[in-house]
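Remarks on the structure that follows.
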Amino acid sequence: MTSLMPRSAGTLLVLLAILVLWQGLHLLVGASSLASPVQTVGKLASLLATGEFWLNISETMRAFLAAFALSLAGGIALGIVLGVRRLAGNVAEPILTTLYSIPKVVLYPLVLLCFGLGISAKIAFGVMHGLIPITLFSMNAIRQMKPVYRRTSQVMRLSPSQSAFTVIMPAILPEIVSGVRLGFSLTLLGVLIGEMFASQRGLGFLLTSAINLGQIDTIMAIALLLTVFAVTCNALMMRVDRRLTHR
Amino acid sequence: QAPVRSEEISVTQWGASMYGAPYAVAMEKGLFKQAGIDITGIIGSGGGGTTVRNILASATPYGEVAVSAALAAKAQGLDLIIVNTGTRSVAEASMVVMPGSELKGVEDLAGKKVAITSPKSVSEMLLLMVLREKGVDQGKVQRVAAGGYVPALTMLEQNAVVGSVLIEPLSIIRKDKYRTLYRAGDVLKPMTTSVGITTRKFAQENPAKLKAIIAGRRAGVQAIYKDPAETARIIEKLYKLEPAIAKEAVDNMIPPKMWSEGEFNLEELNRMVDGLKLIGEIKADVDWSAVLDKSYLPADLQAKQ
Amino acid sequence: MSAASGARIVPLAPQAAAPAHARLRGVTRVFELPKSTLHALGPVDLDLARGEFFSVVGPSGCGKSTLLDILAGLSAPQSGTAEFEGKPVRGVPDGVGVVFQEDASFPWLNVRDNVAFGLRRAGVDPAEIARRVDYAVGFMGLKDFAASYPAQLSGGMRQRVCIARTLVMQPRLILLDEPFGALDQQTRLLMGDELLRLWRETSATILLITHALDEAAMLSDRVGVMSTRPGTFIDFVETGWEKDRDSRVVSTPHFGDITARLWEKLRVEALKIMSAGKG
Amino acid sequence: MSAASGARIVPLAPQAAAPAHARLRGVTRVFELPKSTLHALGPVDLDLARGEFFSVVGPSGCGKSTLLDILAGLSAPQSGTAEFEGKPVRGVPDGVGVVFQEDASFPWLNVRDNVAFGLRRAGVDPAEIARRVDYAVGFMGLKDFAASYPAQLSGGMRQRVCIARTLVMQPRLILLDEPFGALDQQTRLLMGDELLRLWRETSATILLITHALDEAAMLSDRVGVMSTRPGTFIDFVETGWEKDRDSRVVSTPHFGDITARLWEKLRVEALKIMSAGKG
Amino acid sequence: MSEKLLRVVVVVAMILLVELLCRLGSIPRMVMIAPSEMVVELGRILASGQYSADIRLTFTNIAISTVLSVLLGFAAGVIIYSLPGLRDAIEPLLASYYAVPTFVFYPIFITLFGVGSASIIAIAVLLAIVSMVTATLNGLDRIPRVLRKTGQIYRMSRLGTALLIELPAATPYLFTGVKLSVAYSFIGVIASEFILSGAGVGYAIAYAYNLFENGPMYALMLLVLIVVTVVNTLLNSIDRRLQARRQR
Ligand SMILES: Nc1ncnc2c1ncn2[C@@H]1O[C@H](COP(=O)(O)OP(=O)(O)OP(=O)(O)O)[C@@H](O)[C@H]1O
Ligand SMILES: Nc1ncnc2c1ncn2[C@@H]1O[C@H](COP(=O)(O)OP(=O)(O)OP(=O)(O)O)[C@@H](O)[C@H]1O
Ligand SMILES: [Mg+2]
Ligand SMILES: [Mg+2]
């Protein structure tokens, strides 16, 4: 974690400031409203020591990975099609941006009605959140690719597949990675919201029952776990991005 | 078809309230298997509607849900029947005030603000029934929806309200912090709070399975009353509660006989209907004959009224 | 270094003699815009002799890049024909290299890999690739930057990467579209010298599009001056330089003659635009 | 139109005679970078005579824009002094107008409002603003575009908006930083004519930074040639043109003389760079 | 224009398809009611005023959180911009911000702000503010230096430069932030109501869902969809107008 995220001393300082703020707030509002950093880490450690908790994690991860894989594959494929077919892209883009800004949670009943109360509903809900940003970013990646790259590959008389894999893919990669990063966060959010509203397993479910039982330390511990996970993955993706693109 | 196939059924508030205790005990002690069915897992869920829909969609469409959810689903034309009753008490519900509060009884609530979870919820219904029982004009008690029990307690602590509805096991976990104004179970007579439902189709095609589930659950209920201490241990493990709290939670429910063995008691059912009318969730009396089907109950319970 | 008798104005009709290396006949190009059609180029006739250094000058938007696209087989003419080495141009012919006006270096590859890109795709033997890339990288003064990525280079250096990437393919016809646009006068001068050296060593045919008259005057055997859109050649000026010229020619009177001649042509065009109320 | 005897090379020491309109003495500028310091300019001595048209040419990055910033009071020299109309320059002096190298038109204002911007800030009477803006917009050939936004204009037209915005303030010293960089040769020629007309009408002092030698040669009374960074003046070339010259001078032999002289200076600089292993 | 038309055609065709599937019973009534019925239902519940309080509450909260996140985000953006050290430290965190599940902090907010609108607004602001901060930073970054220099040439004060040059120059980028803030405010408020609260449109939808009242449920969903679409279209057209002047 430390080797991944805070590359500068400044970021470490900011993290420290957040910790101090957290502790201060804890002292201000009391332990029953906000667990302290130490309590939270302790709670997380004890949760992680139980097999039960890992079952919930794996439940969430299963739904999340499936949703993320679907969002990725669907989003990139759809984005490329819409990027290449200009008219289709122009027609679809405003529709997609509007769908993107809909609070998708209102559609959750519909998802439950269609998919039932299992993992498939969670996956569907995750995909609903993650698919559109990935699609939009991929579409724009194709559209904004400098035309001169395609012309260069023509002049070098590359075959279509050579051109796709050695020129077009690397050229649009950075944009796609940005979309994937946003899609990652939103897919996770979608799966969690899905688990919070109607589910029997998973971290989102644990969160709701902790909220219902007022177990603030459990809430904070799960939030911390999710934050660390998401921030770490995000930092990893940024790193991969930098390594791949050199821009 | 294998003789004993593993099945999953649904129970509302599984893992959060005591509704599911008979299933937990029956599974743990192999009572379902003895009854001829292998129940391996319980699907829980928050909302009643979600549970009903989920039951309808699952392979073994049986589950225990709130009466209101069953009636609402029925009213919207879903093809389901009620085949047994589940819980029959309101003993787990209460209202708390801050320890230093001047309020002495229900009567003192007139002209005050209290927190409920959400409009038309069970918490509101019970409050209104208590007020009516004690002859307090419900219009004089301002009800604030907090969104849940914990937020309701927060409002109480912040003096935004003078009292807050509460439910077990949360009330046991936090019992040192508040003073109980009333227990719903002390004021109100028992009423049916949850029922077992299934689809008509499943009942007709798999009467044996259905009977086995109901019988298994009944055995679970009997085991609870026979050995509360063991029940507490099972609950403790399943719900991840502290031993003392689990014990108190179970013990509290033994005297009011929270869990019914499954038989239908029209008086208790109608008491619930009465409450639902009070919050406006249903408008007219319920024709139970169209909803109930007692033919899957054990023979001795079918006879009970 | 020496200069021939003076700038000669040649007749507008294409030269009939030796078979041309590349040839355009009656080429036009029209773009369909959403609400109108744009006649971008032509009709243009052009013969490039084998080994000739030919420059094109003309106002912005007159169709210079469009002309290059047609010669490179990147787009087909509306009417007329394009030929390269006696065969009609369909798609990009083998033996043609292009350096585009825009920066076409691949930001995800370092300088060496950029330069080697085409050779790798063409399946050239690795040892041969290394040899050619080393040579081209050195030739273009990029040796110290072989492992750098384009983002770390100046605009001019990136353009040199593109030139090197084209050169390693050993094209017989090199089309360059304002390759020195991003450079200042000094560096242009140096790059011009290097381009001349390259041309002498490879004896390729070169077509250079530029907006700098001095550049055209110093580098070319022949300069084609284009009219405003739709671009046609309004004049061909033969410079008469010897083959082993270099940038020192800029301080000869003959250089002044050629630029004056080019300037005059452009000024007439400019006045035409002005009187037509544009600009 | 006529040309004087020939390009004269003047001594590098500043002219002592008439009091200069603007004057730099021993000016240097150093930039502190994260890991090093960059000596960007100087030491530079320069005297601009009142009403003179002076051009600066020099390699990219030699400090031309830095020099302009110091004259305009936008940044202070490291050492040395800058004077304008006899007073030391502290902050931007009244009476100085600048057209920057980058497009500085305000994209949220239409052409009229762009041109009127400075006058409004200065609290000039609205009727007077309208009069001056109309004149400047007409002068710069923007009449038909008065209500257009910069985004609807070409790069060259936007630069004209900036020139008009500067002119309406009636500056006594106009500093222009490569104002025609975005234009093609033809349009440059026309814009050059207009700049000369303006200069004659207002009799302002003009300092023009350009990288086009022909432009410097055609427009200026005097051209200063700068060395590579840290930029100093290595030569001043007096063109000897009469005041009412225009673009037709480009086809005179004298024009060829001046450009050849400038080219030669630059070539020497370029070779210096090359032998120093840069570029 | 023809693209617009095509878009309308596509949307209408999709709606008609759903309508047809519902009418033919391919989509059972218990799953979804026909779009035309949703419209009728929406008219009915709006006329009856049954949900007026919820609707008013929700959209007021959305408006408040939009305004708050825009103002606070802008202020924070300006402050962070003017402190490059802080900025370097904070930027890697901003980049990962949306990976944090904001709504889990609701229990903390209710102790800080009490139960009800204030806490829900706090969640929405927490969700929306970062887009505005990022957009502000981006906008300030993209003010060409030459425009500030131009301000100096006209001998303008610092404040004058800020108001007359920097602000208009950054406006299109700031507006992108505003658009995102609106979207996230919608998402934040309605999702919180849906999961955590006892009032508002989000709660009403969840409640109707639980009671199998598909009519009101779909009517309210439709209402949210319509409002989002209208607001979005409005913002986009303003955006386009801002951009149209700018696009180079
Ligand atoms: N793909 C295209 N679609 C529509 N119009 C085009 C296209 N390509 C070029 N044009 C138009 O055709 C005309 C000629 O363009 P071209 O790029 O050949 O000019 P150019 O002489 O190279 O200009 P410059 O000196 O600015 O590079 C221009 O008006 C341009 O806008
Ligand atoms: N604000 C600054 N901070 C650091 N370095 C600077 C700054 N401004 C200019 N420089 C550096 O100072 C040198 C001179 O810059 P300047 O812009 O004056 O050159 P120039 O002659 O105008 O170049 P060009 O012809 O490309 O416009 C360059 O190396 C440049 O990178
Ligand atoms: Mg071109
Ligand atoms: Mg400069």
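Here are the numbers:
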| quantity | calculated |
| --- | --- |
| Fluctuation leader among A:138, A:161, A:209 - chain A, Gaussian network, Cα springs under 10 angstrom | A:161 |
| 3J(HN,Hα) from dihedral phi, the range C:155-168, Karplus parametrisation 6.51/-1.76/1.60, rounded to Hz, x for glycine, proline | x, x, 5, 5, 5, 5, 4, 5, 5, 4, 4, 6, 4, 4 |
| Computed P(r) (all Cα pairs; chain D; 5 Å bins; percent) | 1, 6, 12, 16, 18, 17, 14, 10, 5, 2, 0, 0, 0 |
| Helix C:126-139 axis, angle to chain C major axis (alpha carbon atoms, nearest 10°) | 60 degrees |
| Quarter of Cα convex hull surface for the range E:67-130, i.e. mean projection, nm² | 4.6 nm² |
| Assigned charges on the beta-carbon of Lys, Arg, Asp, Glu; the protein assembly as shown dipole about Cα centre (debye) | 400 debye |
| Taking B:144, A:191 and counting other C-beta atoms within 10 Å, the order from fewest to most | B:144, A:191 |
| Cross-link table B:134/B:237; B:140/B:175; B:104/B:226; C:272/D:243; B:74/B:257, entries beyond 30 Å C-alpha to C-alpha | B:134/B:237; B:104/B:226 |
| Viscosity 1.567 mPa s, temperature 4 °C, Stokes-Einstein D of the protein assembly as shown from Kirkwood C-alpha radius, µm²/s | 35 µm²/s |
| For chain E: Kirkwood Rh in Å [reciprocal of mean 1/r, alpha carbons] | 20.7 Å |
| Sum of -39500 (n - 2.57) over DSSP H runs of 4+, divided by residues of chain E (222 nm, nearest 500) | -27000 deg cm²/dmol |
| Selection from B:292, A:209, E:70, by position along the positive dipole direction of the protein assembly as shown (Cβ) | E:70 |
| Whole-Å semi-axes of the ellipsoid equivalent to the range A:1-133 (Cα gyration tensor, √5λ, descending) | 37, 22, 16 |
| Net charge over other residues, Cβ less than 14 angstrom from the Cβ of residue B:237 (K, R count +1; D, E count -1) | -1 |
| Among beta bridges that DSSP assigns inside the protein assembly as shown, antiparallel share in %, nearest 5 | 55 percent |
| Long-range HN-HN contacts of residue C:56 with modeled amide H, under 5 Å | C:208, C:209, C:210, C:224 |
| Taking E:106, A:108 and counting other C-beta atoms within 10 Å, the order from fewest to most | E:106, A:108 |
| Cα extents of chain B along the three principal axes, largest first (Å) | 63, 44, 32 |
| The range A:154-189 and the range E:87-147: distance between their alpha carbon centers, rounded to Å | 29 Å |
| Within a Gaussian network of chain B (alpha carbon springs, distance under 10 Å), most fluctuating of B:84, B:159, B:54 | B:159 |
| In sequence order, calculated HN-Hα J values of the range B:25-32 (Karplus, 6.51, -1.76, 1.60; Hz; x Gly/Pro) | 5, 4, 5, 4, 9, x, 6, 5 |
| In sequence order, calculated HN-Hα J values of the range E:56-63 (Karplus, 6.51, -1.76, 1.60; Hz; x Gly/Pro) | 4, 4, 4, 6, 5, 4, 4, 4 |
| Cβ-based exposure ranking for A:114, C:62, A:233, in which fewest neighbours within 10 Å come first | A:114, A:233, C:62 |
| Given charges at Cβ of Lys, Arg, Asp, Glu: the protein assembly as shown dipole, positive-most of C:152, C:60, B:202 | C:60 |
| Nonlocal amide H pairs with residue D:99, under 5 Å, H built at 1.01 Å | D:175, D:176, D:177 |
| Within-12-Å neighbourhood charge of residue C:82 [Cβ basis; K, R +1; D, E -1] | 0 |
| GNM result for chain A, Cα springs below 10 Å: residue of A:42, A:130, A:194 fluctuating most strongly | A:42 |
| Alpha carbon centroid spacing (whole Å) that separates the range D:31-80 from the range C:57-94 | 46 Å |
| Long-range HN-HN contacts of residue B:7 with modeled amide H, under 5 Å | B:38, B:39, B:40, B:41 |
| Positive-end residue, the range A:79-231 charge dipole about Cα centroid, Cβ charges, pick of A:124, A:147, A:171 | A:147 |
| Inter-copy label distances at residue C:75 (7 Å, Cα→Cβ; nm, one decimal) | 4.2 |
| Nearest-ten-degree value, helix C:253-275 long axis tilted from longest Cα axis of chain C | 60 degrees |
| Charge dipole magnitude, Cβ of K and R +1, D and E -1 - the range B:17-101, Cα centre, debye nearest 20 | 60 debye |
| Cα centroid separation, the range C:194-265 to the range E:32-81 (Å) | 68 Å |
| Size of charge dipole - the range B:76-149 - debye, nearest 20, with Cβ of Lys, Arg +1 and Asp, Glu -1, no other charges | 140 debye |
| Translational diffusion of the range A:88-247, µm² s⁻¹ [Kirkwood Rh, Cα pairs; Stokes-Einstein; 10 °C; 1.306 mPa s] | 88 µm²/s |
| Helix B:243-253 axis, angle to chain B major axis (alpha carbon atoms, nearest 10°) | 90 degrees |
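Read the figures in this text as sums done on the coordinates, not as results from a lab. Since the structure is predicted, the reported quantities are computational estimates derived from the model, not experimental observations. Every residue, glycine among them, receives a Cβ derived from its backbone with ideal geometry; neighbour counts consider all protein chains shown.
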